[in-house]
Amino acid sequence: MVVFTAKSGKLYKRIKGKEVEVSCTEMLDDGTFSGISPVPRGHGRRLRTGDRTRRIDYCRVWRSRHAVRRHGERQRVDRSLIVSIPLTQKGAVFLDEEAKAVSLLGVEVLVGIVKEKHKLGGLPTYEQLVAEFPKIAINVVALAAPGDTPPADAVGYYSDGQQHVALVVVSASGRRLFIEHNADDVLSTNVAQYLFGERV
């Protein structure tokens with residue numbers, strides 16, 4: 001069961017009275033096992049997961065796919081993630097690393113935007129990236145070399161201005177997570193499961 005406490009009031013307001021889904025996942029040695037339970041409209045703060053096992057590592061609450069009317073037309077809106085909740089240490093590590101991997105991907109998207117906008121022959125340097133998006137300097141720092149590691153809670157960015165770029169972040173458990181492209185157009189990463197895996 002997932003319970004929205006008084007402290008999570010803002011999150012609860014996003015789903016109050018709406019149809020939602022709760023998906024829960026057990027992490028196995030050879031993959032994961034997940035199940036999804038629909039929650040009917042008009043639910044309270046307690047959402048039943050439908051799973052009575054004690055081996056669940058994390059659960060997610062989704063706003064169900066639904067229809068809205070825009071510009072006089074009825075349109076379908078895909079389901080959206082409201083919150084992910086770790087239930088074990090293993091689940092907490094997974095969700096933390098997943099969030100950190102997504103932050104790396106977000107910076108990589110900005111890199112592509114700068115390259116395309118300025119028609120660069122190579123990938124943008126840190127200075128070029130920050131010049132285009134000044135606010136990211138708050139949590140994106142320059143790395144002197146691709147093998148360097150940024151401070152906690154910061155994304156490290158290395159670029160030679162050509163085709164070699166590295167994005168690095170440190171997880172809460174101290175693991176170095178990275179995405180690196182080199183001059184031979186080879187991608188190296190240890191977060192592929194988070195970037196290319198389907199979130200249930």
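The values are calculated or read from the model by the stated rules, or taken from the named source; none is laboratory data. No experiment lies behind these values; they were computed from the predicted model shown. Please note: Cβ atoms are built from the backbone with ideal geometry, for glycine as well, and neighbour counts cover all protein chains shown.
Can you tell me which residue is surrounded by the fewest Cβ atoms within 10 Å (Cβ to Cβ) among those in segment 4-23 that are under 17 Å from Val68 (Cβ atoms) and of a type outside the set (Lys, Arg)?
Looking at the filtered set, the residue picked out is Gly17.
Of all residues in segment 142-167, which are over 18 Å from the mean Cα position of the chain (by Cα) and surrounded by fewer than 17 Cβ atoms within 10 Å (Cβ to Cβ)?
Selection gives Ala142, Ala144, Ala145, Gly147, Asp148, Thr149, Pro151, Asp160, Gly161, Gln162, Gln163, His164.
Please go through segment 24-33 and pick out each residue that is surrounded by fewer than 19 Cβ atoms within 10 Å (Cβ to Cβ) and closer than 15 Å to Ile56 by Cα.
If the condition is that a residue be surrounded by fewer than 19 Cβ atoms within 10 Å (Cβ to Cβ) and closer than 15 Å to Ile56 by Cα, then Met27, Leu28, Asp29, Gly31, Thr32, Phe33 are the ones that fit.
Can you confirm whether Val170 is buried (at least 18 other Cβ atoms within 10 Å of the Cβ), closer than 14 Å to Val111 by Cβ, within 18 Å of the chain's Cα centre (by Cα) and modelled with pLDDT of 95 or more?
For Val170, the condition - buried (at least 18 other Cβ atoms within 10 Å of the Cβ), closer than 14 Å to Val111 by Cβ, within 18 Å of the chain's Cα centre (by Cα) and modelled with pLDDT of 95 or more - is not met.
Taking the stated definitions as given, is Leu104 among the hydrophobic types (A, V, I, L, M, F, W, C), under 17 Å from the mean Cα position of the chain (by Cα) and closer than 20 Å to Leu11 by Cβ?
no
Those residues that are free of Cβ contacts under 8 Å to residues at least 60 places away in the same chain, part of a strand (DSSP E or B) and surrounded by fewer than 17 Cβ atoms within 10 Å (Cβ to Cβ), I need them from segment 64-101; list them, please.
His66, Ala67, Val68, Arg69, Arg70, Glu73, Arg74, Gln75, Arg76, Val77, Ser80, Pro86, listed by residue number.
Buried (at least 18 other Cβ atoms within 10 Å of the Cβ), closer than 18 Å to Tyr194 by Cβ and touching an Asp or Glu at 6+ places or on another chain (Cβ under 7 Å): is that true of Leu104 in this structure?
Answer is no for this residue.
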